[in-house]
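In what follows, a structure is listed as structure tokens, so that the remarks can point back to it.
The values are calculated or read from the model by the stated rules, or taken from the named source; none is laboratory data. Since this is a predicted model, take the numbers as computed values, not measurements. With ideal geometry, Cβ positions are generated from the backbone for all residues, glycine too; neighbour counts draw on all protein chains shown. Each accessible area value is taken on the protein alone, full model and side chains, heavy atoms only, with ligands, DNA and RNA left out. Shrake-Rupley method; radii C 1.70, N 1.55, O 1.52, S 1.80 Å.
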Amino acid sequence: MRVAILGTGYVGLTTGVCLAYLGHEVSCVDPDTEKIASLNRGTPPIYERGLQDLLGRVEMTFTTDPGGAVASAEVVFIAVGTPPQPDGSPDLRYLRAATHSIAEHLGDQFTVVVNKSTVPIGSGNWVESLIRGARPGRFAVASNPEFLREGSALTDSFYPDRIVIGADSQQARQVLEALYDPIIQQSFAPPPHLPRPDGLATVPIVSSDLASAELIKYAANAFLALKISFINEIGNLAERVGADVREVARGIGLDSRIGAKFLQAGIGWGGSCFGKDTAALIATAAEYGLGMPIVNAARDINQRQRIRVIEKLLAELKVLKGRKIALLGLAFKPFTDDLREAPSIDIARRLAQHGCTVSAHDPVAMDRFRRDFHSEDVTLAATAEEAARDADALVLVTEWPEYLALDWTLVKASMRTPLVVDGRNFLDASLLKYGGWRVVGIP
Ligand code: NAD
């Protein structure tokens, strides 16, 4: 099938490469000339596990010009950003611009315009009316929300838990089911570096109307966000009563009604989605006169968790002014270089406000940090060991597996104080304590 994808970021690029691997004829469109030039050289502009390899295995085109790609496409995906505005509602200017370029270039064949961006409820209808007003051709609009997790985006795209298709047109639904058939049936040969999970036979389809598909995406992210905030709230109580939140999480997570995932206490969520999508859900509900107290509480708790790092350092070091604090990890999670709403940014800023000097290391996100978040207050170190030299404390911000394998004895010898605040409760605390470290978890 001929596919055009407007927006070549984390979602658009992942979707495009996967569809090209499945044999579709894919054109990725983006106005960002640097991004397109980099892709045309075979270099992904983002870090995502397995992406570089898969890109080398597929035939697809990258262009800044939507004209040809949209005109010949049977399916046009919209995968542009929908960043938050100050009032929490999403900024729809990129969605509007993408929709206008679709309206301008749509061909005469039946085309399904698919919203993959996370968009407010009613956006499907809005996109439909914008295109119909400009071009009353043969098209239908569908919603196909994306659930990939950065860091395992390709695996999530090839082997999703479900595919949600919201559409009022039966023909649009059929086109999308045909497009995704190799994934639904799991009939494709897996890329060598992305093996199929054991036991995966078929992928369920959730067919719904447009509004339900749009709400499914927001509801899913809100639920995951509140699971994290719930365990953090329990963690704060656990600390007071002398309980171990990791044992509590295991004890409740083994209950199949609850499930173990997203129950890791720590400094909370970051990234481009949970903050933005929970804010958008609250803003949408407010338009209908509804409050969202549970979602609001999840956001407040998440904000508080970041401050806990500063509180812990203050409790241990008493004076922060003049201290050197080393951050291990900048990305909002491992296996990505995404720094959007990363806790590291907030923590570094607060430490600088307290008069600390901050050194930081991340295996893949330092280039992006230099480019997007350049700060006089943060020195980037080529290695974790270098970041830690002469530091008064280490803060583990991102749970990169390689930090487990550090030579912690050597690191300790180079520091002023053998103190580590483990923001993800990720390190082997008993082993470190045995080696003479003071280990403080969050909460
Ligand atoms: P991104 O910022 O990485 O990429 C968006 C891209 O759209 C940019 O490259 C930008 O240049 C391009 N763009 C802007 N205007 C355009 C236009 N008129 N035509 C073509 N391209 C245009 O964003 P992302 O992280 O890929 O997210 C895209 C959408 O998917 C958002 O709505 C997001 O909420 C949603 N989403 C993201 C994730 C994730 O993990 N990143 C997961 C699920 C859903």
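Of note:
- Test for residue 11: is it in a helix (DSSP H, G or I) and within 10 Å of the ligand (Cβ to nearest atom): yes
- Of the helices (runs of 4 or more DSSP H) that lie entirely inside segment 21-113, those containing 1 or more residues that are among the charged types (D, E, K, R) and either under 20 Å from residue 338 (Cβ atoms) or touching a strand residue (DSSP E or B) at 6+ places or on another chain (Cβ under 9 Å) (or both) span 33-40, 51-55.
- Members of segment 109-122 found to be within 27 Å of the chain's Cα centre (by Cα), at pLDDT 95 or above and either hydroxyl-bearing (Ser, Thr, Tyr) or more than 14 Å from the ligand (Cβ to nearest atom) (or both), listed by number: 112, 117, 118
- Long-range neighbours under 8 Å by Cβ, at least six apart or interchain, first residue within 10 Å of the ligand (Cβ to nearest atom) within segment 146-163, second open to solvent by less than 20 Å² (accessible area, probe 1.4 Å) and among the charged types (D, E, K, R): 146/116; 146/217; 147/217; 150/48; 150/338; 151/48; 153/48
- Contact map, segment 197-211: first residue in a loop (DSSP other than H, G, I, E, B), second residue of a type in the set (Asp, Glu) and open to solvent by 60 Å² or more (accessible area, probe 1.4 Å), Cβ cut-off under 9 Å, separation 6 or more or different chains; pairs are 203/161; 204/161; 209/168.
- Residue 99 among the β-branched types (Val, Ile, Thr) and surrounded by 14 or more Cβ atoms within 10 Å (Cβ to Cβ): yes
- Looking only at residues in segment 221-276 that are among the β-branched types (Val, Ile, Thr) and touching a residue at least 40 places away in the same chain (Cβ under 8 Å), the one that is farthest from the ligand (Cβ to nearest atom) is 245.
- Condition met for residue 103 (under 27 Å from residue 335 (Cβ atoms) and touching a helix residue (DSSP H, G or I) at 6+ places or on another chain (Cβ under 8 Å)): no
- Any chance residue 165 is part of a helix (DSSP H, G or I) and crowded, with 17+ Cβ neighbours inside 10 Å: no
- In the condition set (1) of a type in the set (Phe, Trp, Tyr); (2) open to solvent by 40 Å² or more (accessible area, probe 1.4 Å); (3) closer than 23 Å to residue 46 by Cβ, residue 403 is compliant with all but (2).
- Among residues of segment 371-380, those that are modelled with pLDDT of 95 or more and either of a type in the set (Lys, Arg) or under 24 Å from residue 150 (Cβ atoms) (or both), counted: 2
- Candidates 54, 6, 106, filtered to the one that is surrounded by 20 or more Cβ atoms within 10 Å (Cβ to Cβ), within 27 Å of residue 271 (Cα to Cα) and more than 11 Å from the ligand (Cβ to nearest atom): 54
- Selection status of residue 391, away from the ligand (no atom under 16 Å from the Cβ), free of Cβ contacts under 8 Å to residues at least 60 places away in the same chain and either open to solvent by less than 10 Å² (accessible area, probe 1.4 Å) or of a type in the set (S, T, N, Q) (or both): no
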